[in-house]
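Everything below concerns the one structure shown next.
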């Protein structure tokens, strides 16, 4: 058993020695080159200054100044540019559905037999309508007679 511990300790020391030897890879630079680089970095201007502490940095625009000026002029001449949305009344409504389809849905909803009954309003029982909705039947009949567009 003592021999096992000795072998494990020897192997651990060998691994440690190998990894320590490879800790600093060879960079191909001489000591003089590294020292010259360190001296140049130490003499660099503004090396220990927080960015922006000596005033604004030079601005380089990425967009075309003429286009930006035209965009600013257009925005300045725009109607309602300083008006909060909704402060002059509601925005105009633009429907995205077909008016006939909306009307058919409204008629079907209005003709529903159990439209004002909720699931808990009749002695805690679920209401399941078994009645045929007359508006749905008439809408289906109209669709059957109307040729497809």
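Structure notes:
- Extension gain for residue 60-residue 74 works out to 2.7 nm (0.36 nm per residue, less the C-alpha to C-alpha distance).
- Taking 7 Å steps out from each Cα toward its Cβ at residue 43 and residue 67 produces label points 4.5 nm apart.
- For residue 15 and residue 87, the difference between the fully extended length at 0.36 nm per residue and the C-alpha to C-alpha distance is 18.3 nm.
Values in this text are rule-based calculations from the coordinates and carry no lab data. Please read these numbers as outputs of a predicted model, since none were measured by experiment. With ideal geometry, Cβ positions are generated from the backbone for all residues, glycine too; neighbour counts draw on all protein chains shown.
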